1. Using mean Cβ contacts within 10 Å as the protection proxy, how do 79-88, 350-359 order, highest first?
2. Please state, as a whole number in µm²/s, the translational diffusion coefficient that the Stokes-Einstein equation yields for segment 1-93 at 37 °C and 0.692 mPa s, with Rh defined as the Kirkwood radius across alpha carbon pairs.
3. Taking the Cβ of F219 as the center, what net charge do the other residues with Cβ under 10 Å away carry, scoring Lys and Arg +1 and Asp and Glu -1?
4. Sort D240, D121, D14, D209 so the one with the fewest other Cβ atoms within 10 Å of its own Cβ comes first.
5. List R125, R60 from most exposed to least, where exposure is judged by having the fewest other Cβ atoms within 10 Å.
6. Averaging over all projection directions, find the projected area of the Cα convex hull of segment 10-52 and quote it in nm² with one decimal place.
7. So if we plug the beta-carbon distance of S31 and L51 into 1/(1 + (r/R0)^6) with R0 = 30 Å, what FRET efficiency do we get, rounded to 0.05?
8. Put +1 on the Cβ of each Lys and Arg and -1 on the Cβ of each Asp and Glu in segment 2-240; which of G78, A227, V37 then has its Cα farthest toward the positive end of the dipole?
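Just so you know, all these numbers are worked out from the coordinates, no wet-lab data involved. If you're wondering where the values come from, they're calculated on a predicted model, not measured in any experiment. As a convention, Cβ positions derive from the backbone with ideal geometry for all residues, glycine included, and neighbour counts pool all protein chains shown.
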Amino acid sequence: METLAVIVNYKSADLTIQAVRSVLDSEYLGSVYVVVVDNSADKGETQRLRLGLPSKVDLRVSPENIGFARACNQALDGFRGDGILLITPDAKLLPGCLKRLQETLFSSEKVGAVSSRLFWDEGRRFYLPSSYPPSLLFQNVLEAAPPEAGITRFLSGWWRRHSIKVWRSGTPIRVGNLSGGLVLVKWDAVDAAGGLFDPRFFLYYEDTDLFVRIKKAGFTLMVEPRAQAIHHYDQCGQQDLGQKRSLMAQSRRLFLEKYCRGWRRGANKMISGIKWLPRDAKGSFAPPRFRRPFVLDIPHELQDGWLFEWSPNPNFIPSAGRFGKGSVMRFHKGYWNQLTPGQYFGRLGRPKGLETHFVTFSWRVGDSTPLESNAGGPWDGRMERSQGWEM
């Protein structure tokens, strides 16, 4: 069995080296060949990679940033093995992960791609969300309807139920989409789908497009919870956050152009024209409650078991989740500093899929110094504390 691991670096040399070592240190079947494509167009970045990467790694330096999709495609040139491991620099495999992924991927001819159970933090408390379903109607409704609309609440509850099912599964589970941040893809599935990535996607949505094509070719997508990895959210290319957001919007438009045809185009226009009315005002968020790491006092009725979720979106699709018990939940400095500047939303409820009563709130991570007190003074090591939560 031959597996090609592909990592595209963009101004994230230290993270890339860590990701590569996690692959090479992991137990695996057969042989693993690692290719790193450096898209940084920066001599200093390339030098750090040359000094830090193991000698067995094939480092390919692009003279310019050619985009994630094209870089992966170039790394694949000439490979005719069995599996392709795609992993971003801010992800790393935990012991035994790759072997588990290989065993599940090749357990059936119908399995086309498999991902691991992904955690956001080193302590493995927060589960990362499943990838968005590729359904254009699902995505268009979420984009058009306000967070407090009845349809948004329904979809948010449905997605929460799906997430809990995936997070709590102890055996491989079939899903509708996966992330290119960490996934093992079968070569036969890629071949049947017409190739790896559509090079028109510079960054984002290239993975969703791939998995749509793989499913159309008759393959299934799986999550293997016994394989575990850590994927730190949005840690690559932080110096170009504005450009990343712009590229995401461009790729979304391209994805819509590629798949939103015929009746889907008409449905999209209808959805965009609907005047969405909120079910009530309770879903509206007050101004950000926290501006530094915080402690949540858990309501008494939840202390025997709760699920805390956070998301950059007020509809909580997608969201990271943490299960717990007890009277407090600490969102400490380590978590806080992993977040890029912006507003985030929190939701606390019972760990069951059909929950309808939540504590909801938001917080803001500053644009410059993330650890500041509300009064504007320096971070003093203390954490803000919630008071008077009501379900």
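1. Those peptides, ordered most packed to least, come out 79-88, 350-359.
2. Value of D from the Cα-based Kirkwood radius: 251 µm²/s.
3. Summing Lys and Arg as +1 and Asp and Glu as -1 gives +3.
4. The order, fewest Cβ neighbours first, is D14, D240, D121, D209.
5. Ascending number of Cβ neighbours within 10 Å: R60, R125.
6. Across all orientations, segment 10-52 yields a mean hull projection of 3.1 nm².
7. Once the sixth-power term is evaluated, E becomes 0.75.
8. Of the listed residues, the answer is A227.
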